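Chemist: Structure below; questions to follow.
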Amino acid sequence: MDWASRVDSAFPQPLRVILRGVGQVFFCCNAVTKLIFLIALFIGGVAAGAAATVGVVTSTVTAHLLGFSKKDIDAGLYGFNGTLVGPCLFLFLEHSPQLWLYVILASILSSVVLAALMRILRPYQIPASTSPFVLTSWMFLVAVYGFESFTRSSVLPAAGIPVAVPGASGLSFENWPVALFKGVGEVMFADSVTVGILFLVGIAIVSLRGALMAISGAFVGIIFPTLLNANLNAIEMGLYAFNPVLTMMAIGWVFLKPSGKSAALAVLGGVMTVVCQAGLASFLTPIGLPTLTFPFVLVMWMFLFAAGMSRYWVDPEAEEG
């Protein structure tokens, strides 16, 4: 929208870059949308909002001090992994003064990991996306076993052999909207319907198709786990939805040409993300780690790599050249 672009350009440069870093979590490069996202995070929880702010500022400043691409920094690409690292650590670890130092260190590392992965993946034109956040968070969550200053919260999966969970007998009609909007909000660890709605509004300001892909991903994250009798509580909390939300936005809106075929491929990607999430959850349970957004990252990478081999996504003339 033109008005959003005008407001975006009116923000002071440093603030605009920081806000863009928040918005890039949902592939949105507009400071207005990012401001909505940040406000939504604080509505979801002051600690989470503050941690996200510390994370995005730290990761962005780190990229600047290390001399990484100014174009990428200005687009907010070095901010969104730090945005996720902060709330993640505050969710899965007990709060303490030392936790703020932990967030700062993890945010610094996320920028370094992003730069390394961008260098590795650039020849293939595949984005690193949230993989730096995942790898960094996993390392810092496992590292707490060696530090007495940190305690795992009850939200973090207990380490042990995976066991069968109670199935889903069916989601009641009144719980569908709650599960849908929470599925969007859980992308940034927000267990809130209001936050999910605000995220969708922010995405819609940038692109109605992007918002449609997001809400469709949330639907996939409810319908498919229900059909497979996944844990009902996890479905109601949106825990099976946030990864399909990102997968469908990436495939159906951002990285492939928007069309009916890419939308269909996005739905398939969303379904596969649910399966991937269940598999990764079982794989990671013995060491007590959450899947985070790694199911989305894996499925997106595979689908984008595969798209390069398909006649539907590759320009034959470009290949000949």
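The values are calculated or read from the model by the stated rules, or taken from the named source; none is laboratory data. Since this is a predicted model, take the numbers as computed values, not measurements. Cβ sites come from the backbone with ideal geometry, for glycine too, and all protein chains shown count toward neighbours. Accessible surface is based on the protein model in full, side chains and every heavy atom, while ligands, DNA and RNA are left aside. Shrake-Rupley method; radii C 1.70, N 1.55, O 1.52, S 1.80 Å.
Chemist: In percent, how large is the relative contact order of region 53-189, given Cα pairs closer than 8 Å and 6 or more residues apart?
Modeler: Details: 135 pairs, mean separation 36.8, N = 137.
Taking the mean separation of contacting Cα pairs over the length of region 53-189, I get 27 percent.
Chemist: Quick one: among 127, 97, 157, which has the greatest mean-square fluctuation in a GNM of the chain with alpha-carbon springs under 10 angstrom?
Modeler: Looking only at 127, 97, 157, the largest GNM fluctuation is found for 97.
Chemist: Just how large is the dipole of region 172-311 about the Cα centre, in debye to the nearest 20, putting +1 at every Lys and Arg Cβ and -1 at every Asp and Glu Cβ? Please report the intermediate quantities before stating the final value.
Modeler: Working: 5 positive and 4 negative charges, 117 e Å.
Once rounded to the nearest 20, the dipole reads 560 debye.
Chemist: Could I ask something else about it? Rounded, prolate or oblate: which fits region 11-150, taking a ≥ b ≥ c as square roots of the Cα gyration tensor eigenvalues, rounded meaning a/c under 1.5, else prolate when a/b beats b/c?
Modeler: Details: a/c = 1.89, a/b = 1.21, b/c = 1.57.
Oblate, since a/c reaches 1.5 and b/c is not below a/b.
Chemist: Now, a different point. What shape does the chain take by its C-alpha gyration tensor, where a ≥ b ≥ c are the square roots of the eigenvalues and a/c under 1.5 counts as rounded, a/b above b/c as prolate, and the rest as oblate? All intermediate terms of the calculation are to be shown ahead of the outcome.
Modeler: Numbers: a/c = 1.31, a/b = 1.03, b/c = 1.27.
Since a/c stays below 1.5, the shape of the chain is classed as rounded.
Chemist: Place a +1 charge on the Cβ of each Lys and Arg in the chain and a -1 charge on the Cβ of each Asp and Glu, then give the dipole magnitude about the Cα centre in debye, rounded to the nearest 20.
Modeler: Working: 14 positive and 14 negative charges, 75 e Å.
Dipole of the chain, to the nearest 20 debye: 360 debye.
Chemist: How much net charge surrounds residue 249 when only other residues with a Cβ under 15 Å from its Cβ are counted (Lys, Arg +1; Asp, Glu -1)? Let's see the in-between values first.
Modeler: Numbers: positive: 209, 257; negative: 186.
Charge balance near residue 249 sits at +1.
Chemist: Ok, one more. With each label point set 7 Å from Cα along the Cα-Cβ vector, what nm distance links residue 101 and residue 261?
Modeler: A separation of 5.5 nm, rounded to one decimal place.
Chemist: Working with all protein chains in place, sort 70, 257, 34 by solvent-accessible area computed with a 1.4 Å probe, largest first.
Modeler: Values: 70 135, 257 165, 34 0 Å².
Descending order: 257, 70, 34.
Chemist: I've got another one for you. Any idea what the relative contact order of the chain is, in percent, if you count C-alpha pairs under 8 Å spaced at least 6 apart? Mind showing how you got there, number by number?
Modeler: Working: 571 pairs, mean separation 51.1, N = 321.
With pairs under 8 Å counted, the relative contact order is 16 percent.
Chemist: Quote the relative contact order of region 172-311 in percent (integer), defining contacts as alpha-carbon pairs under 8 Å separated by 6+ residues.
Modeler: Working: 220 pairs, mean separation 29.9, N = 140.
Relative contact order of region 172-311: 21 percent.
Chemist: To continue, here is another question. What shape does region 172-311 have by the C-alpha gyration tensor, where a ≥ b ≥ c are the square roots of the eigenvalues, rounded means a/c under 1.5, and otherwise prolate means a/b greater than b/c and oblate the rest? Don't skip to the end; give the middle numbers.
Modeler: Values: a/c = 1.72, a/b = 1.13, b/c = 1.52.
Oblate, since a/c reaches 1.5 and b/c is not below a/b.
Chemist: Rounded to the nearest 500, what is the chain's calculated 222 nm mean residue ellipticity when only DSSP H runs of at least 4 contribute -39500 (n - 2.57) each, over all residues?
Modeler: On the way: 16 runs with 211 residues, N = 321.
When only DSSP H runs of four or more count, the value is -21000 deg cm²/dmol.
Chemist: Sticking with this one: Taking only Cα atoms and a 10 Å spring cutoff, compute GNM fluctuations for the chain and point out the largest among 245, 46, 113.
Modeler: Looking only at 245, 46, 113, the largest GNM fluctuation is found for 46.
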